[in-house]
Amino acid sequence: MGKEENPEARTASFSTLEQRTPTTTAGNLDFILDVPLKVVVQLGTTKILVRELLQLGQGSVVELEKLAGEPMDVVIGDKLIARGEVVVVNEKFGVRLTDIVNTVDRVKQLQK
């Protein structure tokens with residue numbers, strides 16, 4: 001048989017890892033600022049039975065838990081970011097924000 005080769009074992013060397021803490025939250029979010037998000041404005045919610053759902057038809061009324069005139073919730077990805085009131089802009093519905101969740105809390109909600 002031929003001569004067997006014995007590979008030489010050497011110790012691997014790696015550079016030292018440094019733990020870095022972010023300097024600013026905004027600086028770390030720069031790379032996602034142009035990502036589109038789906039914004040949902042919730043007028044209200046309710047729970048109904050499947051039987052009731054199947055009986056709904058044109059003209060049916062579904063009663064919501066919120067009272068008339070209460071602010072609507074503005075939600076992104078199941079996270080509340082603001083509350084507001086209905087407005088009409090160029091014949092389309094819109095929402096005027098009346099109460100906004102502060103920036104720190106909004107960033108924390110994104111991390112969950």
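The values are calculated or read from the model by the stated rules, or taken from the named source; none is laboratory data. Predicted, not measured: the structure shown is a model, and the values here were computed from it. Methodologically, a virtual Cβ is constructed for each residue, glycine included, from the backbone with ideal geometry; neighbour enumeration extends over all protein chains shown.
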Quickly run through region 4-32 and pick out the residues that are within 22 Å of Asn102 (Cβ to Cβ), of a type in the set (A, V, I, L, M) and modelled with pLDDT under 75.
Ala26, Leu29
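Considering each residue of region 53-76, count those that are farther than 20 Å from Val87 by Cα and in a loop (DSSP other than H, G, I, E, B), and give that number. Walk me through it before giving the result.
Here is the first cut: in region 53-76, the residues farther than 20 Å from Val87 by Cα are 53-63, 65.
Now restrict to residues that are in a loop (DSSP other than H, G, I, E, B): 56-63, 65.
Residues in region 53-76 being farther than 20 Å from Val87 by Cα and in a loop (DSSP other than H, G, I, E, B): 9 in total.
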Among the residues in region 52-68, are any at pLDDT 85 or above and touching a Lys or Arg at 6+ places or on another chain (Cβ under 8 Å)?
no
